[in-house]
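First up is the structure itself, then whatever we jot down about it.
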Amino acid sequence: MFNQYTISQFRSLKTPFYYYNADLLNKTLAAIRSSAEFYNYKVHYAVKANANEKILRTISNNGFGADCVSGNEIEKAIQCGFDPKNIVFAGVGKGDDELQFAIENNIFSINCESIQELEVIDYFAGMLNKKASVALRVNPNIDAHTHHNITTGLTINKFGISENELYTILSNRELYKNLIINGLHFHIGSQITDNTVFVNLCNKINQIQKYIYEKNIYLPHLNVGGGLGINYESPINQIPDFGAYFSVFHNNLKLYKIQQVHFEPGRSVVGQSGSIITKVLYVKENSGRKTIICDAGFTELLRPALYQSSHKIINITSETGSSVYDVAGPICETSDYFAKDIIMPETNRGDLIAILSAGAYGEAMASQYNLRSLANNYFSNELEAYRLKSNLIPASVEPEFLQK
Ligand code: LLP
């Protein structure tokens, strides 16, 4: 994963930083592409997971569409090569300027989350002399069995419109003269690791579609959102099982005429390709607890503090001994921990630590709290190119503890 030369390169870089494995990202994209092509599914990468420009360019070069949640995301996606015709725009509170920007750019679909929003989109489309293409985001009241802060498809959540509102909108759809209502949209949550949740979603969609099609309304686009989880416990070189994921929809969704199915994966696309490399500043011992204080904090990876999530943490410069540690950051907040009670090799000031599976919702959720600087990012292929150019140590020298 990290060979000795890479680690020696890391030593010369200012920490903390994000390190992206370009090879794994490309392999992941190839896996998604081949599985999606098999079922003729359209994939829109959820930009919110990681909007790093090089990552966006790599993904757009692979022919993916984009799922955006702000005007700025749409703008950046277009700049990074995504075709507006493959961009969808979600969000429970889209601003007037953002909606106008989306309409002006003729994006593929605005995923609408309320009747009020539908009226606003209709108004702006009329004003701009356009027909806006709209999908209705339905809240299906399906439990995603994930952390409550990343659950979006229950009626207690703010997202989507109710089934009743959906039927009202559809029966009054001729009122919206400047809209083409041509799709349904669902997204029930993130980091979903139990495929039966997606089966439940499919069953619910089938029920809703049956009702709609009995009324002779034809919506050619069905967007089932994102949410596929990744393996945080054992992440090394992991590519999520997209074949199994897509087959759940293939086996359970009942499609009408030639409906096109769309997906919006984020985490599963980029999650395993990113790590945070951080330096150990101090190792404190308070009342028998050993706490590693490293120079990354929740400003670089908010997930553990916000969702109590756990990421695999490895010391990449020490392999001897072992002890139980808490791993914390430098931020002046009690929640600024990456892990508690984990076993690590004997760790000392100056060691480098890698926090894995940080490619999704890591850099994208970075903040400058405590007036910290935003961390840099490096890509494996750039460091490798530098290695070849400087003709230094061969890359194949793996430290023993990473060869397992
Ligand atoms: N589509 C919509 C409408 C979404 O709201 C999201 C994520 C996605 C697609 C992509 O979901 P994914 O495939 O990445 O699960 N910051 C949290 C995750 C928040 C997800 C928000 N919406 C975390 O770090 O776990």
Number of the condition not met by PRO265 [criteria: (1) outside any strand (DSSP E or B); (2) away from the ligand (no atom under 16 Å from the Cβ); (3) in contact (Cβ under 8 Å) with a residue 60 or more places away in the chain]
(2)
Being out of contact with any Lys or Arg (no Cβ under 6 Å at 6 or more places or on another chain), within 14 Å of the ligand (Cβ to nearest atom) and outside the structural domain of LEU306 (by TED's automatic domain parsing) is true for just one of ASN182, ASN129, ASN141, ASN223. Which residue is that?
ASN223
With the condition kept exactly as written, say whether any residue in segment 241-248 is in the same structural domain as ARG173 (by TED's automatic domain parsing), touching a residue at least 40 places away in the same chain (Cβ under 8 Å), part of a loop (DSSP other than H, G, I, E, B) and farther than 30 Å from ASN164 by Cα.
no
Spot the failing condition for GLN207; the list is (1) assigned to a helix (DSSP H, G or I); (2) out of contact with any Leu (no Cβ under 9 Å at 6 or more places or on another chain); (3) within 16 Å of the ligand (Cβ to nearest atom), and only one is missed.
(3)
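Among what's in segment 112-140 and is basic (Lys, Arg) and in contact with a strand residue (DSSP E or B) (Cβ under 9 Å, 6 or more places away or on another chain), pick the residue that is surrounded by the most Cβ atoms within 10 Å (Cβ to Cβ).
Looking only at segment 112-140, we keep the residues that are basic (Lys, Arg), and these are 130-131, 137.
Right, trim to in contact with a strand residue (DSSP E or B) (Cβ under 9 Å, 6 or more places away or on another chain) and you get 131, 137.
Working: LYS131: 14, ARG137: 28.
Looking at residues that are basic (Lys, Arg) and in contact with a strand residue (DSSP E or B) (Cβ under 9 Å, 6 or more places away or on another chain), I get ARG137.
Please enumerate the residues belonging to segment 119-172 that are among the acidic types (Asp, Glu) and not in a loop (DSSP other than H, G, I, E, B).
Looking only at segment 119-172, we keep the residues that are among the acidic types (Asp, Glu), and these are 119, 122, 143, 163, 165.
GLU119, ASP122, GLU163, GLU165, listed by residue number.
Which of the residues spanning segment 155-178 are in contact with an Asp or Glu (Cβ under 9 Å, 6 or more places away or on another chain), hydrophobic (A, V, I, L, M, F, W, C) and within 16 Å of ARG137 (Cβ to Cβ)? Show your work before the answer.
At the first step, the residues of segment 155-178 found to be in contact with an Asp or Glu (Cβ under 9 Å, 6 or more places away or on another chain) are 158-161, 175-178.
Then keep just the ones that are hydrophobic (A, V, I, L, M, F, W, C); that gives 159, 161, 175.
Within segment 155-178, PHE159, ILE161 meet the criteria.
Consider ILE7 carefully, then state whether it is under 17 Å from GLN272 (Cβ atoms), touching a residue at least 60 places away in the same chain (Cβ under 8 Å) and aliphatic (A, V, I, L, M).
Working: under 17 Å from GLN272 (Cβ atoms): no; touching a residue at least 60 places away in the same chain (Cβ under 8 Å): yes; aliphatic (A, V, I, L, M): yes.
No, not satisfied.
Conditions (1) among the small types (Gly, Ala, Ser); (2) under 22 Å from the mean Cα position of the chain (by Cα); (3) under 15 Å from VAL47 (Cβ atoms), marked per residue:
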position	(1), (2), (3)
GLN238	no, yes, no
GLY243	yes, yes, no
SER247	yes, yes, no
ASN252	no, no, no
LEU255	no, no, no
GLN260	no, no, no
ARG267	no, yes, yes
GLY271	yes, yes, yes
ILE277	no, yes, no
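So, restricting to strands (runs of 3 or more DSSP E) that lie completely within segment 1-108, which ones have at least 2 residues that are away from the ligand (no atom under 14 Å from the Cβ) and surrounded by 15 or more Cβ atoms within 10 Å (Cβ to Cβ)?
Numbers: elements: 17-20, 42-46, 65-68, 87-89.
By residue number, 17-20.
For segment 177-230, how many residues meet the condition of being over 28 Å from the mean Cα position of the chain (by Cα) and surrounded by fewer than 20 Cβ atoms within 10 Å (Cβ to Cβ)? Show your work before the answer.
Narrowing segment 177-230 to residues over 28 Å from the mean Cα position of the chain (by Cα): 177-180, 207, 210-218.
Applying the additional criterion that residues be surrounded by fewer than 20 Cβ atoms within 10 Å (Cβ to Cβ) yields 177-178, 180, 207, 210-218.
The qualifying residues number 13.
The values are calculated or read from the model by the stated rules, or taken from the named source; none is laboratory data. Given the structure is predicted, the values throughout are model-derived calculations rather than measurements. Glycine gets a Cβ as well: all are built from the backbone with ideal geometry, and neighbour counts include every protein chain shown.
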